Ligand code: RTP
Ligand code: MG
């Protein structure tokens, strides 16, 4: 099943110089391709659209501030089972609970600063691709 997913390398990943390492892990998966890639600093409007489902939660405001604190790398990745696959490469939300070998497990400690976002379903992927790459909708 060929899919596409929206991936963000969060400001901590860019600041720490980990984008190459993370992109390399994604690129090495057989048959997966990066079909769009952009470094950009996210404005409030974009972030509200992207993380709107979390509005009202205690971590929402600090999350918005963190996500606007520096540039992110936004990507579309296409390939076989790529939605579930990038989530598996990333590991669970809490980096301390994430297994070594996963991106969050290898590089993260703080829940908020967990390096990577990846769409969690086909519906989310289509919605998020529209937000970040409207020309590719
Ligand atoms: P994402 O949406 O970024 O791919 O991450 P996720 O699905 O694994 O986690 P989600 O529940 O959607 O949460 C979105 C992001 O909010 C931050 N967060 N902080 N308790 C906390 O402080 C907390 N909980 C979540 C993380 O950056 C998480 O990735
Ligand atoms: Mg999420």
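Bear in mind these aren't lab numbers, they're just calculated from the coordinates by the rules spelled out. All values derive from a computational prediction rather than experimental measurement. Positions of Cβ are generated from backbone atoms using ideal geometry, with glycine treated the same way; all protein chains shown enter the neighbour counts.
Shape descriptor for the chain: Rg over Rh equals 0.93 (Cα atoms; Rh from the Kirkwood inverse mean 1/r). Going 7 Å from the Cα of residue 120 toward and past its Cβ, which residues in the stretch 17-52 have a backbone nitrogen under 18 Å from where you end up? Only 47-52 pass the distance filter. Pairwise alpha-carbon distances in the stretch 10-70 exceed 16 Å for 56% of all pairs.
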